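K.L.:
Shown below is the structure under consideration.
The values are calculated or read from the model by the stated rules, or taken from the named source; none is laboratory data. Only a predicted model underlies this, so the values are computations on that prediction, with no experimental measurement involved. Every residue, glycine among them, receives a Cβ derived from its backbone with ideal geometry; neighbour counts consider all protein chains shown.
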Amino acid sequence: MAVLPVDVQGVSWPSEAQPVLRNLTWRIAGDGITAILGENGAGKSSLLRLVAGLIRPAVGTVTWRGATTPPAAIRWVAQQPQFLRASVATNLWFAALPLPGRWSAKRKRISAVLERVGLAERANEPALRLSGGERQRLALARAWLAQPELLLLDEPTANLDPGATAAVERLIQEMRSSGIRIVMTTHHLAQAARLSDEVVFLADGEISEQTPTRQFFAAPKSVAARRFIRSETPWWFRLPE
């Protein structure tokens, strides 16, 4: 079943007196990469989980091309992905079980994905022995295996060194080029500038700005976004008040 557009309509979550997300409306359509930015606690990960169908809104609705049940063509990669206590290849074999097609085709797909993420030579090694960057590449391989229409990434390079970050970013760009729609959270402004086509900025549980990336960094419209950029950039970088 097709995924896009995803419509988030009047969503609040959770139901306490001060929800993380408040009366939020947003549509995901088109192609490219959207970066969700905002202060810690702004609701970035919660919004991503709502779009994935992992949590349900207390108020409002989330629909996927008009359907109220999230389709299989969505993949979500957590900040700290979990794996089976098995080899790299076995983790992908289990991920391939529910996918349609013959096993001969699945074997070829697994081999191809392992090559693309640079883990072919480590296919028979335990997944839990991989480094942080390698685990993130395996998580992307697991998602890529399903050829999703929509890929949701929650802080995909958190706690990674620059080399590992660059490797993960190259894969994200390659997945985008293959036609996968990507929405990601990140606290790295430079990463958002490098990878994304548009920025959604969350403040106080609401979307205060949704603009093309270049426009966002050149002239953010909201006061909250201007303050956020100033707080996260070097002293020599200054936006107009």
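Yes/no matrix, rows are residues, columns are (1) under 14 Å from the mean Cα position of the chain (by Cα); (2) of a type outside the set (A, V, I, L, M, F, W, C); (3) assigned to a helix (DSSP H, G or I):
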residue: Val3; (1), (2), (3): no, no, no
residue: Ile36; (1), (2), (3): yes, no, no
residue: Gly41; (1), (2), (3): no, yes, no
residue: Pro70; (1), (2), (3): no, yes, no
residue: Gln79; (1), (2), (3): yes, yes, no
residue: Phe83; (1), (2), (3): no, no, no
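K.L.:
Here are the criteria: (1) over 16 Å from the mean Cα position of the chain (by Cα); (2) under 20 Å from Ile33 (Cα atoms); (3) not aliphatic (A, V, I, L, M). Tell me which single one Pro162 does not satisfy.
P.N.:
Result: Pro162 passes all but (2).
K.L.:
While we're looking at this one, here's another question. Whether any residue in the range 84-97 is under 22 Å from Ala2 (Cα atoms), out of contact with any Gly (no Cβ under 8 Å at 6 or more places or on another chain) and of a type in the set (Lys, Arg) is what I want to check.
P.N.:
no
K.L.:
Just give me the residues in the range 187-232 being surrounded by 18 or more Cβ atoms within 10 Å (Cβ to Cβ) and hydroxyl-bearing (Ser, Thr, Tyr), in sequence order.
P.N.:
Ser196, Ser208, Thr211, Thr213, listed by residue number.
K.L.:
Give Ala86, Ala120, Ala141 a once-over and let me know the one that is at pLDDT 95 or above, farther than 30 Å from Thr25 by Cα, surrounded by fewer than 18 Cβ atoms within 10 Å (Cβ to Cβ) and in contact with a Leu (Cβ under 7 Å, 6 or more places away or on another chain).
P.N.:
One residue alone meets the criteria, Ala120.
K.L.:
Can I ask one more? I need the full set of residues from the range 175-207 which are more than 13 Å from Lys44 (Cβ to Cβ), outside any loop (DSSP other than H, G, I, E, B) and in contact with a strand residue (DSSP E or B) (Cβ under 8 Å, 6 or more places away or on another chain), in order please. Steps first, please.
P.N.:
Of the residues in the range 175-207, the ones more than 13 Å from Lys44 (Cβ to Cβ) are 175-182, 189-191, 193-198.
Okay, now just the ones that are also outside any loop (DSSP other than H, G, I, E, B), so 175-177, 181-182, 189-191, 193-195, 198.
Passing the criteria: Met175, Arg176, Arg181, Ile182, Leu189, Gln191, Leu195, Glu198.
K.L.:
Another question, then. Tell me, please, whether a residue that is part of a strand (DSSP E or B), of a type outside the set (Lys, Arg) and surrounded by fewer than 19 Cβ atoms within 10 Å (Cβ to Cβ) can be found in the range 158-165.
P.N.:
No - not one qualifying residue is present in the range 158-165.
K.L.:
Might you check whether a residue that is in contact (Cβ under 8 Å) with a residue 24 or more places away in the chain and surrounded by 14 or more Cβ atoms within 10 Å (Cβ to Cβ) occurs anywhere in the range 93-102?
P.N.:
Yes, the range 93-102 contains a residue that is in contact (Cβ under 8 Å) with a residue 24 or more places away in the chain and surrounded by 14 or more Cβ atoms within 10 Å (Cβ to Cβ).
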